[in-house]
Amino acid sequence: MDKVKKLINDIKTPLLSIFFSFLVGATLIIFSGKNPIEAYAALFRGAFGSPAALSQTLNKSISLIFTGLAVSIAYQCKSLNIGGEGQLVFGAFGASLAGIFIKGLPAVIHIIVVLAVGFAFGAIWALIPAILKIKKDVNTVISTIMMNYVSFSVVSFMINTFFKASKSDFVTMEQVLDTARLPYIQFSTFRINSGLVLAIIAAIVLYIFLNKTVSGYEINAVGLNPVSSNISGINYKKNVLISLLISGGLAGLAGATDLMGSMGKLYDGYNPGYGFDGIPIALLAKGNPIVIIFTSLLFSVLRVGSITMQTSVGVSRTIVDAMQGVIILFIAAEYIIVLVVEAIKKKKAGDKL
Amino acid sequence: MYAIESIGICKYFGNLKANDDITIQIESGTVHAICGENGAGKSTLMNVLYGLYRPTAGSVRIKGKDVILNSPKDAINLGVGMVHQHFMLINNLTVAENIVLGQETGTPLYFDRKQAIKNVEELCEQYNLMVDPTAKIEDITVGMQQRVEILKALYRGVDILILDEPTAVLAPSEITELFENIKMLVSTGKTVIIITHKLDEVLEISDKISVLRLGKLIGTVDTKSVTESELTKMMIGREVLLGGSERLDTKKETEVFLAKDVKLSRDGRKLLNGVNITVKSGEIVGIAGVDGNGQSEFIEVISGSEKKYDGEVIINNKNIKSMSIREMKENSMGFIPEDRQQEGLVLDFPVNYNLVLGKHYLPPFAKSHFLNFEEINKFSEKNVKDFDIRVPSIDAPASTLSGGNQQKVILARETADDPKFVIAAQPTRGLDVGAIEYVHNFLVESRNNNQGILLISFELDELLSLCDRIYVMHKGEIAGHQNKEDFDLDTIGKMMLGLKGGLDG
């Protein structure tokens, strides 16, 4: 009973914020002279309407799940990792290197190696903010966001100089080897990338890690009260480091799976924005890895469906950005909402009883 | 003439009767204390008198007239002011700005700061409560902040002042000052209601005392005609024996703790200046001293969170200098920190998680890196029962527990594996009498059990009744030392103030 109650309590505000985001979206659509019901119908048709649409939605969610998880684990230790995008790009770069230059491995092993390299590159990119935080107490919000731009530039430099594909009209790296491509699971037009399975496994593993293991316990303890954790012999620095490295690694995996699943080669200027989307995805799920699977799907529905909405009803797809903004606003305002609700409750108790 | 009366006040929260038919009449021009343990309903009653809660039944009468208070504003208009335990001040505004807040001088578009400062200065003069009107709140001491709160109420013209646990946040010298101020206010005709659970203070300051227990009024008595033990009995419903249970003879043979010439400086300030202390098994050794004489820093050093010290600290025959806190705990040490909420517990963690904090990685609580919830819960259920920790369930967050129960969680955890050496820093601070009795008994039992205990406390009575030996700390040095046979309040008091006269032993 209590668990059900707690669950309802946990998802109350997220559902409310989603509801209000659709409401605000509808208002904007009305102002632009279109019918919101029609527009939303198109949105969902675009996301679920056909096997092809559905597979596109699911495939888009792969990288979002990884970046959502990345934000989640850092947040458990109370560091906000806004650098998911930079770690993602760097992870994709590492995966691309491993996919091109490590040759002669059977597909299964090559995929594992490339994923591992992607994870490692993402983790390396989170290492600098982690060290700054541990040594000098530098806020990760600032350090990670600045590392984004360094990552974009470094990777761009590498692609433009040392690793530029020779026979290409675009500035891009070579195509990764076929053994490094994530296979598709296909039934006629329904075509899902196997990366989705990896993402779901990652979510489950992270859930178990955070809730059932000693390390997860320590990361949570440090996140909730670093002082008493330290006094009880839980190493603050170690846990901040671990959580940020895993966070960077997961963001790196987002880039690696995107490269190995859909793109195949890394173009100059690649920064898909998934790293930033990971922040509201994780916050909306309150950091729960399993719930992140679903919030990622929601964001992917909005992204994929909005294209159909634009082409068939003529509603600009930027409406979706506004809706995402509303969701973020609500998450940020949750504390205020809680306070208001408490105040009302108190008042009522005071009046009636 | 009564200043304020609570006539048959009832206040129910659901099934909980926080106040049950309480009638207290408070004479004007007196200090009236409301006593009771935590959860007795003192704060609820005051919130009713201050207009924060509406009573379920009964009425409030102010200066002989029945009144209905819809909000604190009504109460203030009728001359009732309240100073909460947690101050309602704005930190980055000045004293004067805080005092006039809501009744600013000048016009709606122009805030006349000079006039505000002048008004506040006059107010200070009038009541002889001195503050610097231009200082920022964040720069003044807690005692001063409290004075600002009182002035804020006086500025609004109140003549009935409710003080909620006013001494909880104050140092001893500040308490003396506060009491002088209260006496002065009463001499000008104000009425003061003071809520507290510290009996010695009640007896010192009040004219009349009302005791609440479990939401009911046990009685109102004249302070002159009552003793501390009678009051305790009213509050708890039984006799209470502080100072712990029977002391057995113990063999004080093993040295479990040794501090040798411990020195510590920060930013060029000498905080510890050669501290030498020993603790043997089977004894409670106290460190007395006025707050701020190096006790907190000494605790940091010996508990392992401050490593930049000189000298030696040996616990259970190991030098702790290069040991991590985890290694120290594994070396049979327990630590009850000063601030139970910030240092002792992870408040948002459930009780069972808190009960294994720091031992969570050891078998049986963890097996090959996975937590064993079955064992954790078994351990928690057992300790909740053994220590009589009042919890809704072991999954409830520690933040929902009362102070006494939170402290029991820490006691249970830190002594679960019978450590040879226990540091107890202010273990009874902020607890009510019943909980203090429990902690005292527990410490003496641990001592009888041949554990060595280092007790750091600001309560001299506590140290005198519990300790086998007492060291007195003054300005980062050991100013003196006494054995139980020679305990002398006067001498220890002098040593605490840095006066000569203590015999080194």
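The values are calculated or read from the model by the stated rules, or taken from the named source; none is laboratory data. Remember, predicted model here, so these are calculated numbers, not experimental data. Don't worry about glycine lacking a Cβ; one is built from the backbone with ideal geometry, like all the others, and counts go over all protein chains shown. We work out accessible area using only protein heavy atoms, side chains counted, and drop any ligands, DNA or RNA first. Shrake-Rupley method; radii C 1.70, N 1.55, O 1.52, S 1.80 Å.
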Sequence-distant residues sharing a close amide H with B:Ile162 (under 5 Å, placed H) | B:Gly81, B:Met82, B:Val83, B:Ile193
Under the Karplus curve 6.51 cos²θ - 1.76 cosθ + 1.60, θ = phi - 60°, whole-Hz ³J(HN,Hα) for the range B:28-41, x wherever Gly or Pro sits | 6, x, 10, 9, 10, 9, 10, 10, x, 6, 4, x, 7, x
Could you state the number of Å between the C-alpha centres of the range A:256-317 and the range B:191-263?
-> 62
DSSP beta bridges in the protein assembly as shown: the antiparallel percent, rounded to 5, is 60
Among A:37-50, A:134-147, how do they line up from the highest to the lowest mean number of other beta-carbon atoms within 10 Å?
-> A:37-50, A:134-147
Heavy atoms only, probe 1.4 Å: what % of the accessible area of chain A goes to carbon and sulfur, would you let me know?
-> 70
Evaluated at 4 °C and 1.567 mPa s, the Stokes-Einstein D of the range A:50-142 based on the Kirkwood radius over Cα pairs, in µm²/s, stands at 87
So what's the back-of-envelope 222 nm ellipticity for chain B, counting only DSSP H runs of four-plus at -39500 (n - 2.57) apiece and dividing by all residues, rounded to 500?
-> -9000 deg cm²/dmol
Given H placed 1.01 Å from N in the peptide plane, which residues other than close sequence neighbours of B:Gly286 have an amide H under 5 Å from its amide H?
-> B:Leu455, B:Asp468, B:Arg469, B:Ile470, B:Tyr471
Would you kindly work out the equivalent ellipsoid of the protein assembly as shown from its C-alpha gyration tensor and give its semi-axes, the square roots of five times the eigenvalues, largest first in whole Å?
-> 57, 37, 25
Once you have all Cα-Cα distances for chain B, histogram them in 10 Å bins from zero and send the whole-percent values.
-> 4, 17, 24, 24, 19, 10, 2, 0
per DSSP, antiparallel bridges as share of beta bridges in chain B, % nearest 5, sits at 60
Most packed first (mean Cβ within 10 Å per residue), the peptides A:21-31, B:92-102, A:164-174 order as B:92-102, A:21-31, A:164-174
Local electrostatic count at A:Cys77 - Lys and Arg +1, Asp and Glu -1, tallied over other residues with Cβ under 13 Å | +3
So, in nm, how far is label B:Asn483 from label B:Asn77 when the simple model puts each one 7 Å beyond its Cα toward the Cβ?
-> 7.0
Hey, if you put +1 on the Cβ of every Lys and Arg and -1 on every Asp and Glu Cβ in chain B, which of B:Leu489, B:Ile299, B:Val186 ends up farthest toward the positive end of that dipole?
-> B:Ile299
Sequence order, the range A:283-298: Karplus ³J(HN,Hα) from phi using 6.51 cos²θ - 1.76 cosθ + 1.60, θ = phi - 60°, Hz rounded, Gly and Pro as x, gives 5, 4, 8, 6, x, 6, x, 5, 5, 4, 4, 7, 5, 4, 4, 4
P(r) tail for the range A:1-73, what percent of Cα pairs lie past 16 Å?
-> 70
Ignoring ligands, DNA and RNA, how much accessible area is buried between chains B and A, both sides summed, with a 1.4 Å probe, to the nearest 100 Å²?
-> 2400
From the cross-link list A:Lys136/B:Lys329; B:Lys359/B:Lys475; B:Lys251/B:Lys385; B:Lys198/B:Lys420; A:Lys237/B:Lys308; B:Lys307/B:Lys408, the entries with a Cα-Cα span beyond 24 Å are A:Lys136/B:Lys329; B:Lys359/B:Lys475; B:Lys251/B:Lys385; B:Lys198/B:Lys420; B:Lys307/B:Lys408
Evaluate peptide B:390-396: per residue, the Cβ atoms of other protein chains within 10 Å of its Cβ; return the mean as an integer.
-> 1
Between the range B:380-413 and the range A:139-172, the alpha-carbon center distance in angstrom = 53
Simple spin-label estimate for A:Val171/A:Val197, 7 Å along Cα→Cβ, in nm, reads 3.8
When you look at the Cβ of every residue in B:339-348, what mean number of other chain Cβ atoms sits within 10 Å?
-> 5
Radius ratio Rg over Rh of the range B:95-190, counting only Cα atoms, Kirkwood formula for Rh = 0.97
Reciprocal of mean inverse Cα separation for the range B:342-416 (Kirkwood radius, Å) | 12.1
Karplus couplings for the range A:166-179 from phi (6.51 cos²θ - 1.76 cosθ + 1.60, θ = phi - 60°), rounded to Hz, Gly and Pro as x?
-> 6, 9, 9, 7, 9, 7, 7, 8, 5, 5, 6, 5, 4, 5
At 222 nm, what helix-only mean residue ellipticity would chain A give, in deg cm²/dmol to the nearest 500, using -39500 (n - 2.57) for each DSSP H run of four or more?
-> -25500 deg cm²/dmol
Dipole in debye (nearest 20) - the protein assembly as shown, about Cα centre, beta carbon charges: Lys, Arg +1; Asp, Glu -1 = 3160
Using 0.36 nm per residue, how much length does the chain from B:Phe370 to B:Asp222 gain when fully extended, once their Cα-Cα distance is taken away?
-> 47.2 nm
Taking the Cα centre of the range B:2-236 as origin and charging only Cβ (+1 Lys, Arg; -1 Asp, Glu), how large is the dipole, in debye to the nearest 20?
-> 760
For the range B:342-416, the per residue accessible area (1.4 Å probe, Å²) is 43
Over the Cα atoms of chain A, what is the Rg over Rh ratio if Rh follows Kirkwood?
-> 1.00
Suppose R0 equals 30 Å; then what is the FRET efficiency for B:Ser59 and B:Lys183 from their Cβ-Cβ distance, rounded to the nearest 0.05?
-> 0.45
How big is the Rg/Rh ratio for the range B:297-372, C-alpha atoms only, Rh by Kirkwood, two decimals?
-> 1.01
How far is the Cα center of the range A:53-112 from the Cα center of the range B:295-313, in Å?
-> 45
Mind checking the mean number of beta-carbon atoms from other chains within 10 Å of the Cβ atoms in A:216-222?
-> 4
Over all directions, what mean area does the Cα convex hull of the range B:152-288 project, stated in square nanometres?
-> 14.2
Please sort B:119-128, B:33-42 by packing, taking for each peptide the average over its residues of neighbouring beta carbons within 10 angstrom, highest first.
-> B:33-42, B:119-128
With each label point set 7 Å from Cα along the Cα-Cβ vector, what nm distance links A:Leu339 and A:Val154?
-> 4.0
Calculate I(q)/I(0) for the range B:2-236 by the Debye formula, one identical point scatterer on each C-alpha and no solvent, and give its log10 at q = 0.10, 0.11, 0.13, 0.14 Å⁻¹ to two decimals.
-> -0.46, -0.56, -0.78, -0.89
